[in-house]
Structures are given as structure tokens and as C-alpha cells.
Amino acid sequence: RFGLTQEKIEDLPMWALEDIGQGRRSPLLPIQVNNDEGETLKSRTRFALVRMEDGKVDVVFYPALKSSPLERYDEAQQKQLLDGKAIVADVEMADGRSSKAFVQIDTETNQVMSVPTPVIGRNLEVLKDELKLSSAELTVMQKGEPLTLIMEDEQVTVGIDLNDKTGIRINQGDRSES
């Protein structure tokens, strides 16, 4: 129905298939659909498999947008998001309640992604213990800024990145190289 054939899916790299199988988003893929007028519309999208309450699996699409919907964020937050940073903001949950979450733009789709702060917070605590980070260093990361450290005579940069499986990205090199 969307032009995503079994062959297209099987041609994806193994890491992408594993991610999809675990409910994570796919890489950006071309799709096509026919509208009510019979026109074929082409687009690019990510998708994820989700388990419904009845136990069946369904597909959720994350289409590429022309621009990110940022109207709910203040000017400073919008600037940070457009600069590629993850920020902490109030988001509306599925049940209608408001909650704090890390928010970031998916640069390939312009979709605004959010992950509840406790999820990323737990991963940050593990990172803090593992790398022996100070509270001040952790705060820098929580504000969306990458942190450059020296580990075993190597420079590494760590920061929050909601595109990463753990929500935290670690790269060799300094901030400009990451």
C-alpha cells in the first residue's frame, strides 16, 4: 500500500532490521501512496512497528516534513532545537497530561522527537558513574551542550542525541569533530 516491499525491507542493513524488530525507527525510506483522486504521491518517511493493546503489530510513520513544528516552544528553545541540540521542555503525553521530556529535531524528517526525562536521566546516571562525571558536567549535558573529555589519552565528546539508541552519543574527538 505504501510501496514498502519485502525486498526493500530485506535490502536494509542488518543493524536497521534489528532496530525495526526492537520497535525503533527505520532509516528514511521512499514511499508512495495513491490519494482519493488516483494521483501517486511520493514522499520519504521513517516507520516503527508498535504493539497494539490487542497484541497485534501495527506501523507508525514519521514522514519527512518541510519544517519542524516549533510553535509550542519559546524563542530560545526554538534556536537550540534548530541548532540540533536536545532540550528539556514540557510535552503533552498520550493521556493528555503534561510532563518534562528531552526534545530534539530529527534532522532527516524535521519531526520533533521527545523522550521522558527519567528515561534519558537514568542513562545519564550510568554515564556519570562510568566516566566519573561531576554534577556540573552532567548539568551541561542536560542543557543540550556536548561535553568534551579526555579518556585514556583520547579526546571524546558525549552528549544527548535522541537519534541514538540510548539517547546519548559518544564520539571520538572534540566538539567540532563530532
Expected vector for segment 105-116, Karplus 3J(HN,Hα) from phi with 6.51, -1.76, 1.60 and θ = phi - 60°, integer Hz, x for Gly and Pro, equals 8, 6, 5, 7, 10, 6, 6, 8, 9, 9, 9, x
Interchain or sequence-distant (5+) residues whose placed amide H lies within less than 5 Å of the amide H of Gln155 are Gly173
Ile160 neighbourhood, Cβ < 11 Å, K/R = +1, D/E = -1, net charge 0
Phi-derived 3J(HN,Hα) across segment 119-133 with the Karplus relation (6.51, -1.76, 1.60, θ = phi - 60°), rounded Hz, x for Gly and Pro, is 5, 6, x, 5, 5, 5, 5, 4, 4, 4, 5, 5, 9, 6, 7
For percent of Cα pairs over 29 Å apart the list reads (i) 32; (ii) 41; (iii) 25; the calculated value is entry (i)
The correct ranking of Glu154, Glu53, Glu10 by accessible area at 1.4 Å, largest first, is Glu53, Glu10, Glu154
Measure of exposure for Met52: accessible area at 1.4 Å probe, Å² rounded to 10, is 90 Å²
Cα extents of segment 13-105 per principal axis, largest first, Å, are 41, 34, 30
The Kirkwood hydrodynamic radius of segment 80-168, taken as the inverse of the mean 1/r over all distinct Cα pairs, in Å, comes to 13.7 Å
Expressed per residue, the solvent accessible area of the chain in Å² (1.4 Å probe) is about 66 Å²
About its Cα centre, segment 1-141 carries a charge dipole, from +1 on Lys and Arg Cβ atoms and -1 on Asp and Glu Cβ atoms, whose size in debye to the nearest 20 is 200 debye
One finds the C-alpha centres of segment 111-178 and segment 51-110 to be spaced, in Å, by 19 Å
The set of residues whose placed amide H lies less than 5 Å from the amide H of Leu29, leaving out same-chain residues fewer than 5 positions away, is Thr45, Arg46
HN-Hα couplings for segment 155-166 via Karplus (6.51, -1.76, 1.60; θ = phi - 60°), in whole Hz with x for Gly/Pro, come out as 7, 10, 10, 10, x, 7, 9, 5, 6, 7, 4, 8
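At 1.4 Å probe size, with the rest of the protein present, what percent of the exposed accessible area of the chain is carbon and sulfur atoms?
Values: 5660 of 11800 Å².
That share works out to 48 percent.
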Per DSSP, the loop-located trypsin sites (Lys or Arg not before Pro) within segment 67-126 having at most 16 other beta carbons within 10 Å are Arg72, Arg97
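The values are calculated or read from the model by the stated rules, or taken from the named source; none is laboratory data. In this text, all values refer to a predicted model and were calculated from it rather than measured experimentally. Virtual Cβ from ideal backbone geometry, glycine too; neighbours counted across all protein chains shown. The area values use the complete protein model at the heavy-atom level, side chains included, leaving out ligands, DNA and RNA. Shrake-Rupley method; radii C 1.70, N 1.55, O 1.52, S 1.80 Å.
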